[in-house]
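Q: Quick one: this structure, given as structure tokens, is what I'll be asking you about.
The values are calculated or read from the model by the stated rules, or taken from the named source; none is laboratory data. Because the structure is a prediction, the values reported are computed rather than measured. Quick reminder, even Gly has a Cβ in these numbers, built from the backbone with ideal geometry, and neighbours come from all protein chains shown.
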Amino acid sequence: MPTTTKFDLNMGVATREAFGQALVELGRANPNVVALDADLSKSTMSVYFQKEFPERFIECGIAEANMVGIASGLASAGKIPFASSFSAFIMTKAFEQMRVTIAYPNVNVKLVGTHSGISIGEDGPSQMSLEDLALACALPGFTVISPADEVAMRALVHCAADHVGPVFLRAGRVKVPVVYSATQTFAIGKSIELISGTDVTLIAHGLLVAETIRAAETLQAAGISARVIDMHTIKPLDTDAIAKAARETGAIVVAEEHLADGGLGVRVAQAVAQSQPVPMEFVGLDRYAESGTPDELLDKYGMRAVNVVAAAKRVLGRKK
């Protein structure tokens with residue numbers, strides 16, 4: 001997309017809602033697609049699949065570890081299972097099963113974690129998943145995806161189904177701005193440059209993509225040309241885009257609704273160190289949050305465009 005692209009960022013549906021809709025589309029197109037949930041189908045939105053294909057839906061109860069084991073068995077029998085729960089539950093309660101029954105044998109299971117990050121809001125820190133991407137990326141063979149909006153989620157759910165191998169998809173609870181047009185194409189492992197720029201590169205995923213777009217617009221008004229990249233695939237990483245950004249802009253900011261330790265920022269820094277070392281800054285979390293409205297929490301813990309702008313100015317100071 002050219003620099004002159006105007007982003008309206010009108011509010012769309014939550015990415016969990018888009019996941020539920022896309023799962024039904026998959027079910028209609030492929031009889032081998034099955035769905036599993038851990039007593040949260042009305043929240044993860046797998047309930048849409050449950051209503052249309054009750055014979056292909058398995059309610060596992062509050063037992064994520066069992067659900068993951070069942071999904072592995074279904075995949076080994078030729079099915080394409082999508083197993084969903086809150087990210088905080090599926091990635092922590094079932095990590096051993098993911099390691100032993102999915103990653104080690106490299107079976108074709110799709111895991112979906114909803115209500116990710118601190119934007120889950122009033123449910124509080126026990127249900128806020130800040131480590132999910134780090135855990136998923138630690139599993140060999142896993143593909144890890146964090147879509148920015150409803151368009152990206154629908155498309156990447158289909159990409160996940162077509163991909164042979166384990167996938168973790170991250171979804172959120174709150175409604176998010178629509179970044180993409182319906183004609184945008186997506187590919188696993190291929191980032192999307194939303195705004196071109198020459199002074200600094202802003203890399204984000206999920207909820208923070210819209211905030212980095214707003215940040216780039218603020219920076220442009222101040223005479224700073226910021227490139228914006230949606231790194232929707234956390235693993236495998238688009239290292240070519242990162243190396244190009246480092247080479248052409250000489251400074252990078254990574255923004256994410258995740259712990260800075262172990263998140264996308266760490267993976268980008270590793271890629272930068274291997275290709276073109278440049279100054280970097282990170283907008284992320286360093287602690288567990290508290291209960292509050294999503295907006296209150298995003299403001300308090302620095303998940304806004306103003307925080308990305310500040311990080312960009314800091315890294316530009318180091319670049320000079």
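For every residue, the table says whether it meets (1) under 24 Å from Thr44 (Cα atoms); (2) of a type in the set (Gly, Ala, Ser); (3) touching a helix residue (DSSP H, G or I) at 6+ places or on another chain (Cβ under 7 Å).
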residue: Thr185; (1), (2), (3): no, no, no
residue: Asp199; (1), (2), (3): no, no, yes
residue: Ala222; (1), (2), (3): no, yes, no
residue: Ala226; (1), (2), (3): no, yes, yes
residue: Asp230; (1), (2), (3): yes, no, yes
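Q: Across segment 274-308, what is the total count of residues that are assigned to a strand (DSSP E or B) and either in the same structural domain as Ser119 (by TED's automatic domain parsing) or surrounded by fewer than 16 Cβ atoms within 10 Å (Cβ to Cβ) (or both)?
A: Just the residues of segment 274-308 that are assigned to a strand (DSSP E or B), to begin with: 280-285.
Within this subset, residues satisfying the condition of being either in the same structural domain as Ser119 (by TED's automatic domain parsing) or surrounded by fewer than 16 Cβ atoms within 10 Å (Cβ to Cβ) (or both) are none.
Of the residues in that region, 0 qualify.
Q: Among the residues of segment 224-246, which ones are within 20 Å of Gly189 (Cβ to Cβ) and surrounded by fewer than 19 Cβ atoms within 10 Å (Cβ to Cβ)? Walk me through it before giving the result.
A: Residues of segment 224-246 within 20 Å of Gly189 (Cβ to Cβ): 227-246.
Scanning segment 224-246 gives Pro236, Thr239, Asp240, Ala243, Lys244.
Q: Can you confirm whether segment 149-158 contains a residue that is closer than 21 Å to Ile252 by Cβ, not charged (D, E, K, R) and not in a loop (DSSP other than H, G, I, E, B)?
A: First, the residues of segment 149-158 that are closer than 21 Å to Ile252 by Cβ: none.
No, because not a single residue in segment 149-158 is closer than 21 Å to Ile252 by Cβ, not charged (D, E, K, R) and not in a loop (DSSP other than H, G, I, E, B).
Q: Moving on to the next point. Looking only at residues in segment 162-206 that are within 29 Å of Leu297 (Cα to Cα) and of a type in the set (Gly, Ala, Ser), which one is surrounded by the fewest Cβ atoms within 10 Å (Cβ to Cβ)?
A: In this case the residue turns out to be Ser181.
Q: In this structure, is Gly117 at pLDDT below 95 and at positive phi?
A: On the way: at pLDDT below 95: no; at positive phi: yes.
Judged against the criteria, Gly117 is not a match.
Q: List the number of the failed condition for Ser119; all other conditions in (1) under 25 Å from Lys6 (Cα atoms); (2) in contact with an Asp or Glu (Cβ under 9 Å, 6 or more places away or on another chain); (3) among the hydroxyl-bearing types (Ser, Thr, Tyr) hold.
A: (1)
Q: Answer yes or no as to whether Ala22 is within 26 Å of Val174 (Cβ to Cβ), part of a helix (DSSP H, G or I) and small (Gly, Ala, Ser).
A: Details: within 26 Å of Val174 (Cβ to Cβ): yes; part of a helix (DSSP H, G or I): yes; small (Gly, Ala, Ser): yes.
Answer is yes for this residue.
Q: For Ala221, only one of the following conditions fails: (1) touching a strand residue (DSSP E or B) at 6+ places or on another chain (Cβ under 9 Å); (2) under 23 Å from Leu9 (Cβ atoms). What is its number?
A: Exception for Ala221: condition (1).
Q: Considering only residues that are among the β-branched types (Val, Ile, Thr) and assigned to a helix (DSSP H, G or I), look in segment 190-212 and name the one that is farthest from the chain's Cα centre (by Cα). Don't jump to the end; show me each part of the working.
A: As a first pass, look at segment 190-212 and keep what is among the β-branched types (Val, Ile, Thr): 192, 195, 198, 200-201, 203, 209, 212.
From what is left, the residues that are assigned to a helix (DSSP H, G or I) are 209, 212.
Numbers: Val209: 10, Thr212: 15 Å.
Once the filter is applied, the top-ranked residue is Thr212.
Q: Assigned by TED's automatic domain parsing to the domain that holds Met128, within 17 Å of the chain's Cα centre (by Cα) and aromatic (Phe, Trp, Tyr): is that true of Phe186 in this structure?
A: Values: assigned by TED's automatic domain parsing to the domain that holds Met128: no; within 17 Å of the chain's Cα centre (by Cα): yes; aromatic (Phe, Trp, Tyr): yes.
It is false that Phe186 is assigned by TED's automatic domain parsing to the domain that holds Met128, within 17 Å of the chain's Cα centre (by Cα) and aromatic (Phe, Trp, Tyr).
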